[in-house]
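First up is the structure itself, then whatever we jot down about it.
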Amino acid sequence: MRVKFSLILFCILFQSCNSQQQPTKEQKQILEDAKANFVFVEGGTFTMGKNGVSIAREHQVTLDSYSISKYETTWKEFDLYTALNNLELIYPNYRNQEDMGPNFGAVGMNWYQAQSYCQWLGKQLGLPIDLPTEAQWEFAARSRGLNVEHATDSGKIEGSFTEKRNYPAYDTIVGAYPPNPLGVYDMSGGRPEWTNDWAVIYPDKPIENPRYDTIDVRKDKIIRGFHSLYNSVYIRSSREPEQDGFGGGFRCACNQKTPIK
């Protein structure tokens, strides 16, 4: 009798842990589009950080190959995660605003929610997806470590937001700016983006595949990328992981050493 009761209890718990709704055909297409939007980044060695521009010291970093989303996570994608997991909608009272459209970058989630989305996406696609480390973010923004100030097609800011380059304000659909040479959009001029790492000081010696997501002696997570195109791509900031009201978003990375198929 006790065995039968335990089995029933196990089934109830198992069902409650697997209560995610099954995606519709349209929702599956959103997942497939998210998968297709990953850009392969061949690994290599680069000098991360820049004296005189960033609070970070220069340090030599070697990374394995990985992939990163060419766009920041959109409302359409994040709302799919919210709906299928029976979670509360973020900013439900502001969804009639133009900058809350489905193809705008999602904002207002804390670090835990951003990481949860990326890991959930990885489970749906069968891939090792997570938030990018800070090193992965900068390597991709600088098109594999190019010595540039901005993650634009030229590495520079040419003209103002309204002059010859026609840069829009940041509250616009993803992909509005020209991509960098790697094919990644909005890492300059987009939203501030969560990374996986705690705010730590890198060592002086060369380091391979730095990950600072398990250190518990720090209280802030690193933010990279900023609204203003006048801020260099090297600038770092940080926020407590529970913070959700600074207008930040995120993109995901796939820690697979070969291109996604």
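Brief remarks follow.
- Set Arg236, Arg191: member being charged (D, E, K, R) and under 17 Å from Lys50 (Cβ atoms): Arg236
Here's the yes/no breakdown for (1) modelled with pLDDT under 90; (2) out of contact with any Pro (no Cβ under 6 Å at 6 or more places or on another chain):
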| site | (1), (2) |
| --- | --- |
| Glu32 | no, yes |
| Gly44 | no, yes |
| Ser54 | yes, yes |
| His59 | yes, yes |
| Thr73 | no, yes |
| Lys76 | no, no |
| Met109 | no, yes |
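- Within the stretch 92-111, restricting attention to residues that are free of Cβ contacts under 8 Å to residues at least 60 places away in the same chain and among the polar types (S, T, N, Q), the residue that is nearest to Val184 (Cα to Cα) is Gln97.
- Residues in the stretch 232-256 that are touching a residue at least 60 places away in the same chain (Cβ under 8 Å) and in contact with a strand residue (DSSP E or B) (Cβ under 7 Å, 6 or more places away or on another chain): Arg236, Arg239, Pro241, Gly248, Gly249, Phe250, Arg251, Cys252, Ala253, Cys254, Asn255, Gln256.
- Any hit, the stretch 138-154, residues being more than 25 Å from Asn180 (Cα to Cα), modelled with pLDDT of 90 or more and touching a Gly at 6+ places or on another chain (Cβ under 9 Å): no
- Only listed residue being within 11 Å of the chain's Cα centre (by Cα) and either open to solvent by less than 20 Å² (accessible area, probe 1.4 Å) or more than 23 Å from Ser188 (Cα to Cα) (or both), chosen from Ala135, Ala141, Ala114: Ala114
The values are calculated or read from the model by the stated rules, or taken from the named source; none is laboratory data. All of these numbers come straight from a predicted model, not from anything done at the bench. With ideal geometry, Cβ positions are generated from the backbone for all residues, glycine too; neighbour counts draw on all protein chains shown. Calculation scope for accessible area: heavy atoms of the full protein, side chains included, ligands and nucleic acids excluded. Shrake-Rupley method; radii C 1.70, N 1.55, O 1.52, S 1.80 Å.
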